[in-house]
1. Along each principal axis of its Cα atoms, how long is region 49-88 end to end? Whole angstroms, biggest number first, please.
2. Could you list which residues have their amide H under 5 Å from that of residue 60, counting only those 5 or more apart in sequence or on another chain, with H placed in the peptide plane?
3. Relative contact order for region 78-154: what is it in percent, counting Cα pairs under 8 Å that are at least 6 residues apart?
4. Which ³J(HN,Hα) values in Hz, rounded to whole numbers, follow from the phi angles of region 39-51 under the Karplus curve 6.51 cos²θ - 1.76 cosθ + 1.60, where θ = phi - 60° and Gly and Pro get x?
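None of the figures in this text is laboratory data; all of them are computed from the coordinates on show. These numbers come from a predicted model, not from an experiment.
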Amino acid sequence: MKKSVLLGVLGLGALAATSSYGQGYILLSNYASGTGTVTYGAGVPANGISGGAGGIGNPLSTAWTVGLYFIAGTPSITDPIGNNIPLGGLAVGTGNGSSIAIGAGNANGNPGYYASIPFFNAGVAAGSTITVEVVAYDTAGGSYANAAYRGHSAPFTIVTVPVTSTSPNITGLADGVDASGTLIVTPVSVPEPTTLALAGLGGLASLVALRRKQC
């Protein structure tokens, strides 16, 4: 009985290893890639919460996080550099290697640089092409979607490699952010209370008019 259980466990381990080796990975990193850093835009606090504004064009500190949105394949996506939620069906990457604090991992504490230690499993076969946008946001916000200060690159494509590869394809060598490779974080616009109130009144007026018309 024990022997059969052991064989079963070994079989599962072999299956997991085979499955892992066949999957495609990329590395979330711009460190030592020869591209630009992640920097401040206007009106952004240095620590991502409050306090003095960071210098425009200067690299961000460890108070900021870099992550990615992606989709399998090479769909045609028009989504210029900005701070909106990535378009074109791109989904936020989750799990190991999907995000890293600036200066952490293999970036050796260098401002503006990111370098995740584990590869990111893209959920496709090794050798597949995926479309990616790199995002950066204030860590205090908890996620790119909820951040008060954030930015994303333009979409770009990158080919996945096996987890055993010693030369992973890294985002910093492929990202389509701008001519210098710089990713810029800017404040997210939030509607003022008066704007929201006016929008609510407009909706209420429309409902009243519709009810009168139906009567």
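1. 41, 17, 16
2. Long-range HN contacts for residue 60: 38, 39, 40, 112.
3. Once normalised by length, the contact order is 30 percent.
4. 10, 7, x, 6, x, 10, x, 4, 9, x, 10, 7, x
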